[in-house]
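Here, each number is a calculation from the coordinates, and none is a lab measurement. The structure displayed is predicted, hence computed values, not measured ones. Please note: Cβ atoms are built from the backbone with ideal geometry, for glycine as well, and neighbour counts cover all protein chains shown.
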Amino acid sequence: MKDVWKTASTYHFMHTLALTLAATQLTANRKRNIVCFLFGFGTLLFSGSLYIVVYMNERKPYSYPAPFGGVMLLAGWLAFGFL
C-alpha cells in the first residue's frame, strides 16, 4: 500500500502544480476553465480514489474511479497544449 500512496501523492503534487500554473498563466477564460476543470476533477478522482484505497485497505470498490481520473488528467494535458 506504500506504493499506492506514493503514486497518489506524486500525481497529486504534480497536477496541483500544473493546475496552479494553468490558473495563473492562461489568459483565455474558456481554455483556463476547461484545463483547470480537467486537472482538478481528474486529480480528485485519480489521487482521491488511491488515497481511499490505502485508507480502507481494500482495492475493489474504491479503485474504480481511478481510470476515469487518469483519462481526465491526460485530457487536461492535451487541452493545455492544444487549446
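Taking neighbour counts of Cβ atoms within 10 Å as a proxy for exposure, in what order, fewest first, do Lys6, Lys31, Lys60 appear?
Ranked by crowding around the Cβ, least crowded first: Lys60, Lys6, Lys31.
Of the listed values (1) 42, 19, 14; (2) 35, 28, 21; (3) 49, 31, 18, identify the label whose number matches Cα extents along the principal axes in Å calculated from this model.
Read-out taken from this structure: (1).
Zone of Lys6 (label point 7 Å along Cα→Cβ, backbone N under 18 Å): which residues in segment 55-83?
55, by backbone N distance to the label point.
Which order do Thr27, Thr20, Thr7 fall in if you start with the one that has the fewest other Cβ atoms within 10 Å?
Sorted ascending by nearby Cβ count, the order is Thr27, Thr20, Thr7.
Give, rounded to the nearest 20 debye, the magnitude of the charge dipole that segment 2-82 has about its Cα centre when Lys and Arg contribute +1 at Cβ and Asp and Glu contribute -1 at Cβ.
So the magnitude is around 120 debye.
Can you give the relative contact order of the chain as a percent, counting alpha carbon pairs under 8 Å and 6+ residues apart?
With pairs under 8 Å counted, the relative contact order is 35 percent.
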